[in-house]
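Worksheet: the structure to be examined is printed underneath.
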Amino acid sequence: MLISLSCIHEEKPSAKWQAMFQKSWPFYKEWFLVEGASERPGYLTSCTQLELYMPELIPIYTRLCDLAGGDDLSARYLSMYCPPPYIAGCSQLALNLISPTLIRNYDYNPYLFEGVMLKTNWLQPVIGMVDCNWGLLDGVNASGLSASLAFGGRKVKGIGFGIPLVIRYLLETCHSVIEATQKLKKLPIHMAYNITLVDKYFDYATVYSSPDRGVIISKDRVATNQQQIVEWDNYELVALSQKRMDFIHHCLSIPNITEENLIHSFSQSPLHVKNLEHSFVTIYTAIYKPLDLSALIKWEGNEVYQSFSNFKERVFTKKILKK
């Protein structure tokens, strides 16, 4: 199968975002209603909670709702409050060998990949990989903060926001790891997720968030799909979270290991998964440089380099093989 990555630049939400939404909304609508419309919170609840916890986003949210057609269902979806559950695998590394660097593999079902890298200037300039139309899987902002998400490997589900919107919120409003971790303490997130943060001040953190036990802020450099220990054995049989974590720690322990070699390790097994029949195909590797304000996406033979000073709108495609 072929999947694509579109690099799009639109300072404020307008025609380009609207076209992206219209293309993906039929698929997201089906996902949003998978448990029935009554299982999703109403518009008033969703909007009220968004305004309570992420008030800075309300002007953007209002604009996006208008571009999406102004209907009740799309507005509830765009709030990302208590969405249906979703699970992805990922491997993340906060590195400070030469300069602050966030390296991550995004592992997911390629049929469901949105395929957009978006550069915006909503509350501040942000470059990131889009999910759920305005949320982010990972990214960097012009203040020199980068962030990425990984599923936390736990079945628990609760009351809160979808993690892609939380990543967007952090990159829109924060300037440092310290600021981002303080905000994460106050944000309800509906499932277990691991957020890795790196900033231009050589600070880093991995934040373990769960709806049933709050937030744990750690100095763990490595995050995969467990919250420090494996808690979901059946998921682990597929995701191999501990094996991936052990491999990254092994690479870090190699004497005189270079940043280049560590980045290369993310293209090797067990970190890089190529089997389409596996739930977690590695779709891309992202390397964010908060000091350089740049993003490099490794895309099966292509290296997509973008920065705030030189962002190019392009489309890349690649073939995902079954084996």
Identify the residue in the stretch 190-219 that is in contact with a helix residue (DSSP H, G or I) (Cβ under 6 Å, 6 or more places away or on another chain), farther than 19 Å from residue 287 by Cβ and not aromatic (Phe, Trp, Tyr) and, among all such residues, is most open to solvent (accessible area, probe 1.4 Å).
217
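Name the residues in the stretch 154-179 that are of a type in the set (A, V, I, L, M) and farther than 20 Å from residue 60 by Cα, would you?
156, 159, 177, 178 - these are the residues of the stretch 154-179 that are of a type in the set (A, V, I, L, M) and farther than 20 Å from residue 60 by Cα.
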Failed item in (1) buried (at least 17 other Cβ atoms within 10 Å of the Cβ); (2) under 24 Å from residue 177 (Cα atoms); (3) among the small types (Gly, Ala, Ser), with residue 265 passing the rest
(2)
Does the stretch 284-300 hold any residues that are open to solvent by less than 60 Å² (accessible area, probe 1.4 Å) and either at pLDDT 95 or above or more than 23 Å from residue 114 (Cα to Cα) (or both), and which are they?
284, 285, 286, 287, 288, 289, 290, 293, 294, 295, 296, 297
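Each row is one residue, and each column tells you yes or no for (1) open to solvent by 90 Å² or more (accessible area, probe 1.4 Å); (2) in contact (Cβ under 8 Å) with a residue 60 or more places away in the chain.
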site: 2; (1), (2): yes, yes
site: 14; (1), (2): no, no
site: 24; (1), (2): no, yes
site: 30; (1), (2): yes, no
site: 33; (1), (2): no, no
site: 36; (1), (2): no, no
site: 39; (1), (2): yes, no
Would you confirm whether any residue within the stretch 73-81 is of a type outside the set (D, E, K, R), in contact with a strand residue (DSSP E or B) (Cβ under 7 Å, 6 or more places away or on another chain), open to solvent by 10 Å² or more (accessible area, probe 1.4 Å) and assigned to a strand (DSSP E or B)?
yes
Subset of the stretch 167-202 [closer than 20 Å to residue 295 by Cβ and without any contact (Cβ under 8 Å) to a residue 60 or more places away in the chain]:
167, 170, 171, 174, 175, 176, 177, 180, 195
For the stretch 279-312, enumerate the residues that are more than 21 Å from residue 197 (Cα to Cα), small (Gly, Ala, Ser) and either part of a strand (DSSP E or B) or without any contact (Cβ under 8 Å) to a residue 40 or more places away in the chain (or both).
301, 309
If residue 143 satisfies all but one of (1) among the hydroxyl-bearing types (Ser, Thr, Tyr); (2) under 21 Å from residue 227 (Cβ atoms); (3) surrounded by fewer than 24 Cβ atoms within 10 Å (Cβ to Cβ); (4) at pLDDT 95 or above, what's the number of the condition it fails?
(2)
Got a number for residues in the stretch 22-37 being farther than 13 Å from residue 75 by Cα and of a type in the set (Ser, Thr, Tyr)?
1
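Quick check, is residue 87 touching a residue at least 40 places away in the same chain (Cβ under 8 Å), closer than 30 Å to residue 274 by Cβ and touching a helix residue (DSSP H, G or I) at 6+ places or on another chain (Cβ under 6 Å)? Write out each step before concluding.
Values: touching a residue at least 40 places away in the same chain (Cβ under 8 Å): yes; closer than 30 Å to residue 274 by Cβ: yes; touching a helix residue (DSSP H, G or I) at 6+ places or on another chain (Cβ under 6 Å): no.
Considered against the rule, which asks whether it is touching a residue at least 40 places away in the same chain (Cβ under 8 Å), closer than 30 Å to residue 274 by Cβ and touching a helix residue (DSSP H, G or I) at 6+ places or on another chain (Cβ under 6 Å), residue 87 comes out as no.
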Conditions (1) open to solvent by less than 10 Å² (accessible area, probe 1.4 Å); (2) under 12 Å from the mean Cα position of the chain (by Cα); (3) at pLDDT below 95: number failed by residue 104
(3)
Search the stretch 58-69 for residues that are open to solvent by 20 Å² or more (accessible area, probe 1.4 Å) and pair each with any residue that is among the charged types (D, E, K, R) and at pLDDT 95 or above when their beta-carbon atoms are under 7 Å apart and the residues are at least 6 apart or on different chains.
58/51
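The values are calculated or read from the model by the stated rules, or taken from the named source; none is laboratory data. Model, not experiment: these values are computed from the prediction. Counting neighbours? That spans all protein chains shown, and the Cβs are built from the backbone with ideal geometry, glycine included. Just the protein is used for accessible areas: all its heavy atoms, side chains included, with ligands, DNA and RNA removed. Shrake-Rupley method; radii C 1.70, N 1.55, O 1.52, S 1.80 Å.
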